[in-house]
Amino acid sequence: MTDDLNLHVEAIRALFKKRFSGECTYFDGGKSIDILKGKDDVDKKFDWSVCGNDLDEFQADITGYVAEKKIGEENIIKLIDEFNKSNFEIDKKIGGEIDSLYSSENIP
């Protein structure tokens, strides 16, 4: 993995951890959900439906990051592959979210 790709993986992982550790505050003063509770990962059978709108917000985080960093199609595919080969459930979820946003018919 190249250094740039590794930086993107770490940055997107940090966005996830911020969003899903209760560190984001919404306009109404509410906090994002804390699914990690001080851990690095969730259980294999974690029910992602409890995350509700936080997953939508995370997708917005991803699209904003990809646009800001001008990550091209080839590197998006590499990011998806990198997250999917991880043993962490959160990485697999991140890879899935990126894949759903940037499937081949949606990549500009």
| What are the residue pairs meeting all of these: first residue in the stretch 63-83, first residue within 13 Å of Thr2 (Cβ to Cβ), second residue assigned to a loop (DSSP other than H, G, I, E, B) and of a type outside the set (Asp, Glu), Cβ atoms under 7 Å, and 6 or more apart or on different chains? | Glu82/Met1
| Any chance the stretch 65-77 includes a residue that's surrounded by 13 or more Cβ atoms within 10 Å (Cβ to Cβ) and among the basic types (Lys, Arg)? | yes
| Would you say Val50 is in contact (Cβ under 8 Å) with a residue 24 or more places away in the chain and not charged (D, E, K, R)? | no
| task | Could you check, for the stretch 21-30, whether at least one of its residues is surrounded by fewer than 17 Cβ atoms within 10 Å (Cβ to Cβ), touching a strand residue (DSSP E or B) at 6+ places or on another chain (Cβ under 7 Å) and either without any contact (Cβ under 8 Å) to a residue 60 or more places away in the chain or more than 18 Å from Phe83 (Cβ to Cβ) (or both)? | result | yes
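Bear in mind that the values in this text are calculations on the coordinates, not laboratory data. Here the structure is a predicted model, which is why all the values come from computation and not from measurement. When we count neighbours, we look across all protein chains shown, and the Cβ atoms used for this are built from the backbone with ideal geometry, even at glycine.
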